[in-house]
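Structure, as structure tokens:
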Amino acid sequence: MRWKPLLLMAGRILAGALLIGLGMALVRLALIPGLERLFVMDEAVVSVLRRVCMLMSFAGSFWLYLHFIVKRPASPLALRPVPLLIWGGLGSALIALSMLGMLITGAYEVSGIRPLGPMANVALTLLAAAAFEEILFRGVIVPAVEEALGAYTALIAPSLLFSVLHFFNPNWAGWVSLATGLLLGVLWTLVYLITRNVWAATLNHALWNFTIVLSGLPLTGIEEWRDIAPLQSRYQGPDWLSGGAAGPEESVITLAVSVLAVIGLWLYWLKTRSRPEL
């Protein structure tokens with residue numbers, strides 16, 4: 001057993017998690033309360049400011065991690081709009097394809113349309129949440145595991161942890177949830193391994209989630225935004241087809257789409273491993 005690489009891996013993961021956690025704590029407990037004392041702001045402004053500051057704290061914490069802990073260039077934080085939008089659009093297209101299958105089979109039905117207005121704040125919330133998960137898992141954990149145990153272990157082990165942690169979400173349980181969560185973890189890990197860019201994985205993840213919210217279906221078991229979604233919809237039929245209260249991610253159609261997407265990205269990754277980063 002090679003203890004030194006494993007200890008280095010554990011140390012890096014712990015350091016990255018602590019930096020991200022510290023950044024979150026400073027924003028929540030110091031920065032936002034301080035700004036509220038200095039300026040008169042309504043709750044809507046505070047909500048947007050909190051999410052923007054969280055995004056900045058995640059990026060800043062990750063930069064500190066790269067600079068001081070692993071001592072590497074901050075290329076995973078590079079902002080290159082066109083490739084990033086392509087990778088983000090892929091995430092939206094994949095889940096939209098799954099929901100199209102649900103629509104064709106009658107498991108998903110649209111019954112009305114609402115104004116799009118409230119969605120801007122939701123989009124920012126989902127972007128911040130995706131950035132947190134992708135920077136922690138794909139930015140910190142995956143490279144640490146890859147260096148210690150190899151790329152294939154880095155594909156599976158963090159993705160399994162990612163899937164298991166989502167079992168804390170309401171209505172998210174069962175073998176389809178576990179399998180889909182694992183596949184999504186692998187998918188976003190592959191996006192990172194192909195691009196070596198956390199924003200590519202973040203946008204793919206965030207736009208996958210935002211597309212579900214726009215559809216009016218539950219997001220990973222969360223019903224919070226269904227009443228303000230632009231599409232008023234319902235799911236029906238057996239849970240294995242519609243996903244039930246867990247949402248489209250627990251549908252076997254999404255499971256099949258995820259399998260195909262992972263296979264395609266895996267083959268692309270194998271083909272491009274020696275090419276330059278994004």
- Message: Would you report the distance distribution of C-alpha pairs in the chain as whole percents per 10 angstrom bin, up to the bin with the largest distance?
- Response: 7, 27, 34, 23, 8, 1
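Under a Cβ-only charge scheme (Lys and Arg +1, Asp and Glu -1), can you give me the dipole magnitude of the chain about the Cα centre, in debye to the nearest 20?
Working: 18 positive and 15 negative charges, 217 e Å.
The dipole magnitude comes to about 1040 debye.
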- Picking from Ala130, Ala246, Ala148, which is most flexible by a Gaussian network model of the chain using Cα springs under 10 Å? Ala148
- Between the stretch 1-35 and the stretch 147-172, the Cα center-to-center distance that results, in Å: 18
- Query: Hey, what's the chain come to in accessible area per residue, 1.4 Å probe, Å²?
  - Reply: 48
- Query: Taking Cα centroids, how far is the stretch 183-236 from the stretch 73-145 in Å?
  - Reply: 4
- Task: Take the chain, connect every pair of alpha-carbon atoms lying under 10 Å apart with a spring to form a Gaussian network, then pick out the residue of His205, His166, His67 with the largest mean-square fluctuation.
- Result: His67
- How much mean residue ellipticity at 222 nm does the chain get from its helices, if each DSSP H run of length 4 or more adds -39500 (n - 2.57) and you divide by all residues, to the nearest 500 deg cm²/dmol? -21500 deg cm²/dmol
- Counting only protein chains, not ligands or nucleic acids, how are Ile86, Ile253 ordered by accessible area (probe 1.4 Å), most first? Ile86, Ile253
- Message: Can you give me the % of accessible surface on the chain that is carbon or sulfur? Probe 1.4 Å, all protein chains present, nothing else counted.
- Response: 72
- Note on the structure: The set of residues whose placed amide H lies less than 5 Å from the amide H of Glu109, leaving out same-chain residues fewer than 5 positions away, is Arg234
- GNM top mover of Leu126, Leu217, Leu29 - the chain, alpha-carbon springs below 10 Å: Leu29
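The values are calculated or read from the model by the stated rules, or taken from the named source; none is laboratory data. What you see is a predicted model, and the numbers here were worked out from it, not measured in a lab. No Cβ is skipped: glycine too gets one built from the backbone with ideal geometry, and neighbour counts run over all protein chains shown. Quick note on the areas: whole protein, heavy atoms, side chains included, nothing else; ligands and nucleic acids left out. Shrake-Rupley method; radii C 1.70, N 1.55, O 1.52, S 1.80 Å.
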